[in-house]
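The structure under discussion appears below in the form of structure tokens.
What follows draws every value from the coordinates through simple rules; no lab data is involved. Just so it is clear, the model here is predicted, and its values are computed rather than measured. All Cβ positions, glycine included, derive from the backbone under ideal geometry; neighbour counts span all protein chains shown.
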Amino acid sequence: MDDCIFCKIASGEIPSNKAYEDDKVLVFHDIAPAAPTHLLAIPKAHIQSAEEVDERNAELIGHLFAVMAKLSKDLKLDSGFRIVTNIGQDGGQTVGHLHFHLLAGRQLAWPPG
Ligand code: 5GP
Ligand code: ZN
């Protein structure tokens, strides 16, 4: 998608601090971290939000979760972490390309505000 910032990060047009990359997915550090570890995990293909997950991309999203689980072990996030995705206006989504926040390194509050 031409005007999508995360498509541009996925293609390398906009630089990012990468934690993991393969041909299908990218994990990079959030530019405004909300926790000591704050990664964004995205499919390289443009998907608007988790609302658009269906049988055609379920394998891709499963792969993305497997990558995040492996990263959590590599990064030794032994005391826990959170994976969250925001959807639409009330969900607080500001970038319209599906991304999962992986947050760790401090006690995270629940429920969210
Ligand atoms: P959302 O609010 O849509 O759930 O999350 C978007 C996230 O993307 C925010 O945490 C924001 O800090 C991050 N973000 C926005 N623009 C950029 C960017 O250009 N580079 C990086 N690394 N993160 C970004
Ligand atoms: Zn996109």
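Do you know which residues across region 54-100 are within 16 Å of ligand 2 (Cβ to nearest atom) and touching an Asp or Glu at 6+ places or on another chain (Cβ under 8 Å)? Write out each step before concluding.
Residues of region 54-100 that are within 16 Å of ligand 2 (Cβ to nearest atom), as a first pass: 57, 60-61, 64, 85-88, 93-100.
Those that are within 16 Å of ligand 2 (Cβ to nearest atom) and touching an Asp or Glu at 6+ places or on another chain (Cβ under 8 Å): I87, G88, L98.
Which residue, of A50, A69, is buried (at least 16 other Cβ atoms within 10 Å of the Cβ) and of a type outside the set (F, W, Y)? Quick ask: steps written out before the conclusion?
Working: A69 fails: buried (at least 16 other Cβ atoms within 10 Å of the Cβ).
Residue meeting the stated conditions: A50.
Search region 75-94 for residues being of a type in the set (S, T, N, Q) and over 15 Å from H38 (Cβ atoms), and hand back the single one that is surrounded by the most Cβ atoms within 10 Å (Cβ to Cβ). Please lay out each step first, then the result.
First, pick out the residues of region 75-94 that are of a type in the set (S, T, N, Q): 79, 85-86, 89, 93-94.
Of the ones still in play, those that are also over 15 Å from H38 (Cβ atoms) are 79, 89, 93.
Numbers: S79: 9, Q89: 8, Q93: 18.
Step by step, filter region 75-94, then rank; the result is Q93.
Of all residues in region 82-104, which are within 16 Å of A19 (Cα to Cα) and out of contact with any Lys or Arg (no Cβ under 9 Å at 6 or more places or on another chain)? Steps first, answer last, please.
Of the residues in region 82-104, the ones within 16 Å of A19 (Cα to Cα) are 83, 99-104.
Of everything in region 82-104, those that are within 16 Å of A19 (Cα to Cα) and out of contact with any Lys or Arg (no Cβ under 9 Å at 6 or more places or on another chain) turn out to be I83, H99, F100.
Looking for something more than 10 Å from ligand 2 (Cβ to nearest atom), within 16 Å of L64 (Cβ to Cβ) and loosely packed, with under 15 Cβ neighbours inside 10 Å - is there at least one such residue anywhere in region 9-20?
Within region 9-20 (the criterion being more than 10 Å from ligand 2 (Cβ to nearest atom), within 16 Å of L64 (Cβ to Cβ) and loosely packed, with under 15 Cβ neighbours inside 10 Å), the answer is yes, since at least one residue qualifies.
Would you please name the residue that is nearest to L26 (Cα to Cα), looking only at residues in region 85-113 that are more than 14 Å from ligand 1 (Cβ to nearest atom) and part of a loop (DSSP other than H, G, I, E, B)?
First, the residues of region 85-113 that are more than 14 Å from ligand 1 (Cβ to nearest atom): 104-111.
With the extra rule that they be part of a loop (DSSP other than H, G, I, E, B), the set shrinks to 105-111.
On the way: G105: 21, R106: 24, Q107: 26, L108: 24, A109: 27, W110: 27, P111: 28 Å.
Residue satisfying both the conditions and the ranking: G105.
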